[in-house]
1. Return a yes/no flag: does region 188-197 have any residue that is in contact (Cβ under 8 Å) with a residue 60 or more places away in the chain and out of contact with any helix residue (DSSP H, G or I) (no Cβ under 7 Å at 6 or more places or on another chain).
2. Is at least one residue of region 126-139 farther than 30 Å from Pro242 by Cα and either part of a helix (DSSP H, G or I) or not small (Gly, Ala, Ser) (or both)?
3. Starting from residues that are small (Gly, Ala, Ser) and either open to solvent by 20 Å² or more (accessible area, probe 1.4 Å) or more than 19 Å from the chain's Cα centre (by Cα) (or both), keep the ones in region 128-167 and report whichever is farthest from Thr225 (Cα to Cα).
4. Can you pull out every residue in region 102-118 that is closer than 17 Å to Ile153 by Cβ and crowded, with 24+ Cβ neighbours inside 10 Å?
5. On the basis of being in contact with a Leu (Cβ under 6 Å, 6 or more places away or on another chain), open to solvent by less than 100 Å² (accessible area, probe 1.4 Å) and in contact (Cβ under 8 Å) with a residue 12 or more places away in the chain, does Lys33 make the cut?
6. Would you pick out the residues in region 288-308 that are touching a residue at least 12 places away in the same chain (Cβ under 8 Å) and either surrounded by fewer than 18 Cβ atoms within 10 Å (Cβ to Cβ) or in a helix (DSSP H, G or I) (or both)?
7. How about region 282-325: which of its residues are farther than 26 Å from Lys221 by Cα and of a type in the set (A, V, I, L, M, F, W, C)?
Amino acid sequence: NCVYICKAFIKMFLYILGLVAVWFVYRWYRETKRVSNKEDKYVYITGCDSGFGNLLARHLDKLGFRVIAGCYTGKGEDELKKVSSDKLTTIHLDVTDSESVSKVAAFIKTLVGQKGLWAVVNNAGISVPSGPNDWLTIEDFKPMIAVNLLGVIDVTLSVLPLIKKAKGRVINIASVCGRISPFGGPYCVSKYGVESFNDSLRINMAPFGVKVLCIEPGFFKTNVTDTALLKNNLMKLWERLPQEVKDDYGHGFLDTSEMYRQIVDGDLMKVVGCMEHAISALYPRTRYSPGWDAKFLWLPMSYMPSWLSDTYLIKSKPRPKISVL
């Protein structure tokens, strides 16, 4: 009886494994198909001064897309122009300024004409100030939420009629920190907001043939994860704290800025590849999770019971001096 049950179980397991393998092959084949007429498709990207946005703009330009690169600085525009073709258009953009956003949208409307806008990639983002919530004030939250969340919403709504005309795509760059909050401050709050906006917009736009897609990267080596920047930010927050809060935490807590250094990935093309697929694939994924830490640490942890994920996060970082744990 036991032998018969074991054989049946093995047979069923192999059958399921075979179905999963077939499904993966089918998905791989389906995802290799690309849209046509790339040279007629306009893609608007925010945050192109550096990092993912800069690499994506250059990558899409080489592939033949008509790139509209929003840069915050004149230096960013100039440097991007030097390494790109004449088809790429740079434009000054401050995603926190609705007048700037509207001005760029009006320019894009004139540029794309009746074709509409194929895709907008909401990439612009900042990561400081970040730190324990009781080190911060409400004023610390406002600038980052203005860039990372309100900027995403403002830019998207400003060009959404053009996206609908092209039956195009909205690609929002969220983060694994939109699924789980490994540290305090406005960054995770803003990324949770991006996830929510992305999900509601995806449902709203489905009847119009518009695809709304989300990129949720793990920790990659960009300005957002710059160790020196984060440590400098933490020191500035520390210096302004009341002495009683400093006494609660102790100076050793400042080592928090080093805790994720070992899992930061330097291969930014893993993220850019996902962005490009979301833009150019005939059948893009609803969500992309570039980075091994995203796939095997943060996303699985986001599905765990809170007590389990809390235990890991508490044990993985420095504790306050007067901790009761």
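The values are calculated or read from the model by the stated rules, or taken from the named source; none is laboratory data. The structure presented is a predicted model; accordingly, all values stated were derived computationally and were not measured. Ideal geometry is used to build each Cβ from the backbone, glycine not excepted, and the neighbour counts take in all protein chains shown. Surface areas here come from the heavy atoms of the whole protein model, side chains and all, with no ligands, DNA or RNA. Shrake-Rupley method; radii C 1.70, N 1.55, O 1.52, S 1.80 Å.
1. Within region 188-197 (the criterion being in contact (Cβ under 8 Å) with a residue 60 or more places away in the chain and out of contact with any helix residue (DSSP H, G or I) (no Cβ under 7 Å at 6 or more places or on another chain)), the answer is no, since none of the residues qualifies.
2. Checking region 126-139: not a single residue is farther than 30 Å from Pro242 by Cα and either part of a helix (DSSP H, G or I) or not small (Gly, Ala, Ser) (or both).
3. Top of the filtered list is Ala166.
4. Once the filter is applied, which keeps residues that are closer than 17 Å to Ile153 by Cβ and crowded, with 24+ Cβ neighbours inside 10 Å, region 102-118 yields only Leu117.
5. Numbers: in contact with a Leu (Cβ under 6 Å, 6 or more places away or on another chain): yes; open to solvent by less than 100 Å² (accessible area, probe 1.4 Å): yes; in contact (Cβ under 8 Å) with a residue 12 or more places away in the chain: yes.
Considered against the rule, which asks whether it is in contact with a Leu (Cβ under 6 Å, 6 or more places away or on another chain), open to solvent by less than 100 Å² (accessible area, probe 1.4 Å) and in contact (Cβ under 8 Å) with a residue 12 or more places away in the chain, Lys33 comes out as yes.
6. Initially, region 288-308 is screened for residues touching a residue at least 12 places away in the same chain (Cβ under 8 Å), giving 288-295, 297-299, 301-302.
Once the filter is applied, which keeps residues that are touching a residue at least 12 places away in the same chain (Cβ under 8 Å) and either surrounded by fewer than 18 Cβ atoms within 10 Å (Cβ to Cβ) or in a helix (DSSP H, G or I) (or both), region 288-308 yields Trp292, Asp293, Ala294, Lys295, Leu297, Trp298, Leu299, Met301, Ser302.
7. Just the residues of region 282-325 that are farther than 26 Å from Lys221 by Cα, to begin with: 282-283, 304-308, 311, 320-325.
Listed by number, the residues that qualify are Leu282, Met304, Trp307, Leu308, Ile322, Val324, Leu325.
Yes/no matrix, rows are residues, columns are (1) at pLDDT 95 or above; (2) open to solvent by less than 20 Å² (accessible area, probe 1.4 Å); (3) under 19 Å from Leu268 (Cα atoms):
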| residue | (1), (2), (3) |
| --- | --- |
| Ser50 | no, no, yes |
| Arg58 | yes, no, yes |
| Asp61 | yes, yes, yes |
| Tyr72 | yes, no, no |
| Gly76 | yes, yes, yes |
| Val83 | yes, no, yes |
| Lys87 | yes, no, no |
| Ile91 | yes, no, no |
